[in-house]
Amino acid sequence: MSQELKAEVVVVGAGIHGSSAALHLARAGKDTILLEKFPVPHARGSSHGQSRITRKANYAHPALTPIHGDSLNMWQSLQAQAGVTLFKPHSMLVIGTKEQKSLIDKIASTVKHLGETPQWADPKDINTKYRINFPDSSLAFMDPSAGILKADKCVMALQQLFRDAGGRLMDEWMVEDVVSVDEGVEVRGSLGVVRAGSVVLCPGPWAGPFLAKIGVHIPLKVERITVLYMKMLDPTTPTTIFIDFTETPHVYCVPQLEYPGMVKLAYHQGPVVDPDKRDIAVSDELRESIKKYMSKKYPGLCPEPAIEETCLYTVTPDGEFVLDRHPKHPNIVFACGFSGTGFKIAPAIGEELCRLVLGQPPKYNLQHFKADRFNNTLSSSKL
């Protein structure tokens, strides 16, 4: 049965950023509908899973440093509001080579800028404590502000708070088109039409072709990230979050949480895939690469993966996200390209998307994240 619905704002995509934006809009008094093409919850995008790292340490664009700090505080507030544990504090090790001193010093300075003291560590001590194996010449510090976000619970908490604020979440609602009309926009899809004054587009891995329909062309690629869970040889050995910059691409480690006696590891890069055809086997090359890494850097783990899972990254050429409005239709706002860096900052990003819709000035300096930093972003479209 075809639906004809009305709202002040429609948010397309109920991942972490869409759900955050919808919550901010509902709390701002806007009648908001949040549309999701899959049944909620689901594991087809970039927001699912049990854990994500959050931290004040920032190795990306400097404009992200205050966003990191504010988002961590916002997660703690959301946790209290939801009455569910969303955040588990846990110090994080940042480690690099002596040739990467400028990078490691820069990252440590962002922690200090946000009111924390980076705790410089002797590689010999951390090797002994965590049963890892980095050269004695490595540079390392602990970010005491870091922790683990329980990803699935975070998404569900935002969606429940959105409903509590009067928002309408509609899943299994495939959006096929967004059309500008005199009174605003029409969001057309498999179940009908939603008419609204504004729309926020958070399509995740499907952002490239979806935004192209409205004449916005952003050079996005989707990568399949393989997450491996490795058994600890001694489950009583302490574990820590770490980011290993001595490897290219760098490696993330999350201590045991999802599966007792296992730690989570992933390279910060993967093969380019079609998001609708992601379910292909992990390559032998990747598996061998992980085994070599384990033998070299983490002898306290069994080198054979015990569990393999996947998620999707959506990335831009410069590795930074895009948050902007349509240059010809300011009531169409969009955000994409966050994968690998964006989950932790979702509360602040949702607030910024809300501000764009409301016509309020941005809270942060987001000029670097506008779409027009890429050439030939806009083309003609039926809008």
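The values are calculated or read from the model by the stated rules, or taken from the named source; none is laboratory data. Computed from a prediction, not measured in an experiment: that's the story for all the values here. In this analysis, Cβ positions are derived from the backbone assuming ideal geometry, glycine residues included, and neighbour counts consider all displayed protein chains.
Here are some notes:
- Looking across Glu308, Glu320, Glu288, one residue alone is within 25 Å of the chain's Cα centre (by Cα) and surrounded by fewer than 15 Cβ atoms within 10 Å (Cβ to Cβ). It is Glu308.
- Annotation: of all residues in region 21-65 being touching a Phe, Trp or Tyr at 6+ places or on another chain (Cβ under 6 Å) and over 24 Å from Phe242 (Cβ atoms), the one that is surrounded by the fewest Cβ atoms within 10 Å (Cβ to Cβ) is Arg44.
- So Lys277, is it within 28 Å of Lys213 (Cβ to Cβ) and surrounded by fewer than 17 Cβ atoms within 10 Å (Cβ to Cβ): yes
- Residues of region 237-281 satisfying the condition of being part of a strand (DSSP E or B), without any contact (Cβ under 8 Å) to a residue 60 or more places away in the chain and not hydrophobic (A, V, I, L, M, F, W, C): Tyr267
- In this structure, Val84 does not satisfy being at pLDDT 95 or above, crowded, with 22+ Cβ neighbours inside 10 Å and β-branched (Val, Ile, Thr).
- Where a residue in region 109-120 is without any contact (Cβ under 8 Å) to a residue 60 or more places away in the chain and among the polar types (S, T, N, Q) and its partner, wherever it lies, is part of a helix (DSSP H, G or I) and surrounded by 15 or more Cβ atoms within 10 Å (Cβ to Cβ), with Cβ under 8 Å and at least six apart: Thr110/Thr65; Thr110/His68; Thr117/Val111
- Residue within region 115-133 that is touching a Leu at 6+ places or on another chain (Cβ under 6 Å) and closer than 30 Å to Lys297 by Cβ present: no
- Residue check for Leu228: surrounded by 20 or more Cβ atoms within 10 Å (Cβ to Cβ) and in contact with a Leu (Cβ under 6 Å, 6 or more places away or on another chain): yes
- When Glu4 is tested against (1) in contact (Cβ under 8 Å) with a residue 60 or more places away in the chain; (2) surrounded by 17 or more Cβ atoms within 10 Å (Cβ to Cβ); (3) outside any loop (DSSP other than H, G, I, E, B), just one condition goes unmet, and that condition is (2).
- Within region 197-242, tally of residues that are over 23 Å from the mean Cα position of the chain (by Cα) and not assigned by TED's automatic domain parsing to the domain that holds Phe141: 5
- Among (1) of a type in the set (Phe, Trp, Tyr); (2) in a loop (DSSP other than H, G, I, E, B); (3) not assigned by TED's automatic domain parsing to the domain that holds Leu366, the one test that Phe38 misses: (3)
- The set of residues in region 74-112 being over 22 Å from the mean Cα position of the chain (by Cα) and polar (S, T, N, Q) consists of Thr97, Gln100, Ser102, Ser109.
- Residues that are closer than 16 Å to His326 by Cβ and not aliphatic (A, V, I, L, M), drawn from region 356-372: Gly359, Phe369, Lys370, Asp372
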